[in-house]
Amino acid sequence: MSENILHVENITMQFGGVVAVNNLTLDVGKGEIVALIGPNGAGKTTAFNVITGVYEPTNGRVDFQGQMMLQNHPTGKMAKAYKGENMGMYKHTMVKSPDAIAKLGIARTFQNIRLFSELTVLDNVLIAMHMRAKQNIFSATFRLNYKEEQRMRRAAMELLEIQNLQHLKDDIAGSLPYGIQRRLEIARALATEPKLLLLDEPAAGMNPQETQELTDFIVQIKDQYDLSIFMIEHHMDLVMQISDQIYVLDFGRLIAQGTPEEVSNDPRVIEAYLGVSEDAED
């Protein structure tokens, strides 16, 4: 059994009287591809939003790389990220923003593409790289760290070349075809040097050929960048082909988990989900 890079324990997310996620517990093993599936409105994207700090959980905790990252307080506040070698040596740092969580090593894409649509392909990747830049605000403003800028440009071009986007580096991101924008969004996420990559509906809107190319690409980047991948996806061919584990949500509650074979043969999953359209939106 692989070491867990992500542990979600008893997460509940409530909006007024609506419970979007109900007592969810799941694990993503290091080096695994794990899928979260379920029908429209099942709470999948809400779970992603809790993990990445967009929402403060009503209850529960999230551990990342063996350290507590998020935990609610009795008042409903998000708690703390803990760093240290043992229980007696924790440093306490408040983690409230997606920005801070990204710096810990979690990156994501979104169901609705969120590129900087007026900027070039290259600039979209460079902006993400600045999170790891070895320079301060002063040196960046006055362009004092030329070597660091050049390093980031080389690294950005390498990312674009891996995705066969290098010839589009000067194109405006918003002018690109939909499938290319999806790949650029993944490149931008990789530019933050994550250990865990969350993909929210990466194959949405793609035709069968594009979906297969994306399937192969996800496996490629997992191996090339030593990633663990946690994804939401409605395309069952993609999910069943590459997932190590699958979790199934229905109305915010976990109804099944297991290997692709186990999940595909589970009567609860068949009844709740596997008969619905692949193109349903969460």
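For the reader, a short list of remarks on this structure follows.
- Among His167, His7, His234, the ranking by other beta carbons within 10 Å of each residue's beta carbon, starting with the fewest, stands as His167, His7, His234.
- Sorting Met240, Met231 from the fewest to the most surrounding beta carbons within 10 angstrom yields Met240, Met231.
- FRET E, pair Glu56, Tyr178, Förster distance 51 Å, beta-carbon r, rounded to 0.05: 0.95
- Met157/Asn112 FRET efficiency (R0 45 Å; Cβ-Cβ; nearest 0.05): 0.95
- Residues whose placed amide H lies under 5 Å from that of Asn4, excluding near-sequence neighbours: Lys30
None of the figures in this text is laboratory data; all of them are computed from the coordinates on show. Predicted, not measured: the structure shown is a model, and the values here were computed from it. Here Cβ is always computed from backbone atoms with ideal geometry, including for glycine, and neighbour counts include all displayed protein chains.
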